[in-house]
Amino acid sequence: MAVARGLRQPVDAVLRVLDRLARGVCVVTIGGMVAIVAAQVFARYVLNNSIGWADEISRLLFVWSIFLAIPVAIRTGNHIGIELLTDRLPPRARAALARPVTALAAALMLLVAWQSFAVAFAQWDELMVSVDLSAGLFLLAVGVGGLLSALNLLRDAVFVATGTGADA
Amino acid sequence: MTLTMIGIFFLAAILGMPLAFSLGVAAVSGILVSGFGLNVLPSRMMNAVNAFPLMSIPFFVLAGEIMMKAGIMQRLIDLANAAVGQVKGGLAHVAMGAGLGLSTVSGAAVADASALGGTLMGPLSKYYSRGFSAAVLAAAANLGPIIPPSGAMIVYAFVAGSTVSVGGLFMAGVLPGLILVTGMMVLCSVYAHVKDLPRTGESFSLRRIAREARRSLVILMMPVVVIGGIVGGAFTATEGSAIAVVYALLIGFFVTRQLALKDLPEALVNTAITAAGVGAMIAFASVVTYMMTIDLFPMQLASWLKEVTTDPIVFMLIVTGVLVVVGCFLESNAAYVMLVPLLHPIAVSYGIDPLHFGFLFVFNLVIGMLTPPVGVVLFVLCGVARIGIGEISRAIWPFVLLMYALLFVCMFFPGIVLTLPRALGY
């Protein structure tokens, strides 16, 4: 346990940097989606033209925004759950239950990340329909988001174990 | 396999695992039991989110975030105060009026709850108990997804496929929404007279109403542009929601001038977090649905239901009961993804109008946002009011009962739901 406690600070520092990066991706992707979709309407009505890649690229940004914000939401405690039972437990029992439950969620996201990377790399040579970008970029988002989620859940399981994943 | 998945989902959820991950664990167990390859997981999850219609979820949340930072709420509140502020329990009516105004520009109850709570909790709790104040605001926030635009209806129409048009579903919500807000105001009046609540507003003046209406005009025009454009077919619901964001930006920068560029990153991150909570559930729920389909569960369910009853009304009552229970355990967007593909085709085979069924389905799950334990709107307002879930639950039940009563009225009198969309040719 002493070793684990010593690791806490560097682990937290790394996760904070990753969190800031993920938030940056969220700002860029959602901002970009609004700009592209609004520009598409403008182009259609005012310029009488439509942007061929608008649909596909805005969807790509959407997928990235969702999967990169999942770990951010883990840190802010925004994934809702049922606390009806856990709230009634004494603090010790609550922590004892939260550790394996959070660890299981971490294992789930690790599995998601592993499978996503595998499928993404297998189809890396396929191209998107409207632009010369790899179609694997879509699944890469699931992999990166899954991995970041797993890391944050693992940290909660080891150090915090509140069950909700809220930052302590 | 379907029963295994349902069992594991409930077990994980009750042990306190966030619902999205509980769905994920259930999905993985289904995949393992059936001997499928685990690589169905990422593709299903990604494709569930990779859909243009769903982008309206973050867009409507973002429009709400920007409107809040742009000071739009204050103008709506001033208008509502001028119109209904002077009666007994006037502030509760102001909350309803502001909720109604907000619901015509916003499509999500949770966003409305934080907007209403952030601006009105202070004034309300000065005169009324915190529990009642929070309950009034929660009920008002729930108008958001009933009155167009509505994120919930967009998701429903998307999952239901070609039999349901978003514009038609939007129009189906208008009349019930207006009846509901009237009923809730009557409820507030009765409460105000029983508890002898104080009069708080200034006296009635048409000039003041006219002045406030002029100040709010630019906001009141927003639904005309956004909903009008969607219903009129000028743009899709998703495009409409992006236009709502641009419209809110323009108001914030050039009309109220309270919005600053430095507000935007926070608004964008908040939006992403809200959307991710929904997106995670949709992603995992779609894997569960896929495994259920492989298990032929939809067919079994359909034939089982047909054995139980051939009466569409009985079928709708069963669905209502199921949704009341489901609404307690699932966030509504996940419920649409999992249950609409199961139940919508069955409803159509019973000869129920798709718009009628769709509206009742959405309305039912919207009510579920006000009932513990997973009443997301309640959670938001408990946070704002700093009260427990028990205190708000004790004050919310009259509103919940009223909503269920209206649900049954709409079920037995389809005209309330269908007249407006029919008149507009849906």
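Look at B:SER162, B:SER393, B:SER286, B:SER332 and count the other Cβ atoms within 10 Å of each Cβ; fewest to most, that gives B:SER162, B:SER393, B:SER286, B:SER332. Against the main long axis of the alpha-carbon atoms of chain B, helix B:40-49 sits at an angle near 30°.
Peptide B:328-334 has a mean of 1 when you count, residue by residue, the C-beta atoms of other protein chains within 10 Å of its C-beta. For chain B, the residue among B:ASN270, B:ALA213, B:MET281 whose Cα projects farthest onto the positive side of the dipole built from Cβ charges is B:ALA213. In chain B, the calculated helix contribution to ellipticity at 222 nm averages -26000 deg cm²/dmol per residue, counting -39,500 (n - 2.57) for every DSSP H run with n ≥ 4. A simple charge model with +1 on the Cβ of Lys and Arg, -1 on the Cβ of Asp and Glu and nothing else charged puts the dipole of chain B at about 1160 debye relative to its Cα centre.
When the Cα positions of A:GLY32, A:LEU7, A:SER58 are compared along the charge dipole of the range A:1-135, A:LEU7 comes out farthest toward the positive end, with charges on each C-beta of Lys, Arg, Asp and Glu.
Each eigenvalue of the Cα gyration tensor of the range B:1-155, multiplied by 5 and square-rooted, gives one semi-axis; in descending order these are 41, 19, 11 Å. This ranking places B:ARG208, A:ARG5, B:ARG75 by how few other beta-carbon atoms lie within 10 Å of each, fewest first, which gives A:ARG5, B:ARG208, B:ARG75. Enclosing the Cα atoms of the range B:313-352 in their convex hull gives a volume equal to 54 cubic angstrom per residue. Across the range B:65-113, Cα pairs under 8 Å and at least six residues apart give a relative contact order of 31 percent.
Computed over the range A:27-139, the P(r) tail beyond 25 angstrom holds 47 percent of alpha carbon pairs. The mean count of C-beta atoms from other chains within 10 Å of the C-beta of residues in A:35-48, rounded to a whole number, is 4. Think of it as helices only: each DSSP H run of n ≥ 4 in chain A is worth -39500 (n - 2.57), and spread over all residues that comes to -25500 deg cm²/dmol at 222 nm. By the count of neighbouring beta-carbon atoms within 10 Å, fewest first, B:LYS126, B:LYS195, B:LYS69, B:LYS262 end up ordered B:LYS262, B:LYS126, B:LYS195, B:LYS69. For the peptide B:59-72, the mean number of other protein chain Cβ atoms found within 10 angstrom of a residue's Cβ is 1.
The share of C-alpha pairs in the range A:1-59 whose separation exceeds 17 Å stands at 59 percent.
Rounded to the nearest 20, the Cβ-based charge dipole of chain A about its Cα centre (Lys and Arg +1, Asp and Glu -1) stands at 760 debye. With Cα atoms as the point set, the protein assembly as shown shows a radius of gyration and Dmax of 23.6, 72 Å.
Note the angle between two axes, namely the Cα long axis of helix B:2-14 and the longest principal axis of the Cα atoms of chain B, as a number of degrees from 0 to 90, rounded to the nearest 10. So the inclination is approximately 40 degrees.
Counted over the range B:299-373 with a bin width of 5 Å, the fraction of Cα pairs per bin, in whole percents, is 3, 16, 29, 25, 17, 8, 2.
In chain B, a dipole from Cβ-located charges (positive for Lys and Arg, negative for Asp and Glu) runs towards its positive end, and of B:VAL174, B:LEU91, B:LEU187 it is B:LEU91 whose Cα lies farthest in that direction. A simple charge model with +1 on the Cβ of Lys and Arg, -1 on the Cβ of Asp and Glu and nothing else charged puts the dipole of the protein assembly as shown at about 1620 debye relative to its Cα centre.
With the convex hull constructed from alpha-carbon coordinates only, chain B shows a mean projected area of 20.4 nm² over all directions.
Measuring from centroid to centroid over Cα atoms, what is the spacing of the range B:1-40 and the range B:373-416 in Å? Answer, in whole Å: 29. Which angle between 0 and 90 degrees, to the nearest 10, do you get for helix B:72-84 versus the longest principal axis of chain B when only C-alpha atoms count? Roughly 70 degrees between the two axes. Computed from phi, the 3J(HN,Hα) profile of the range B:338-348 under the Karplus parametrisation 6.51, -1.76, 1.60 (θ = phi - 60°) reads 7, 9, 4, x, 6, 8, 4, x, 5, 4, 4 Hz, with x in place of Gly and Pro. Taking all Cα pairs closer than 8 Å and separated by 6 or more residues, the relative contact order of the range B:290-425 comes to 23 percent.
Each value in this text was obtained by applying a stated rule to the coordinates, not by laboratory testing. Just so we're clear, the structure is a prediction, and the values are computed from it rather than from any experiment. Here the Cβ is made from the backbone with ideal geometry for all residues, glycine too, and neighbour counts use every protein chain on show.
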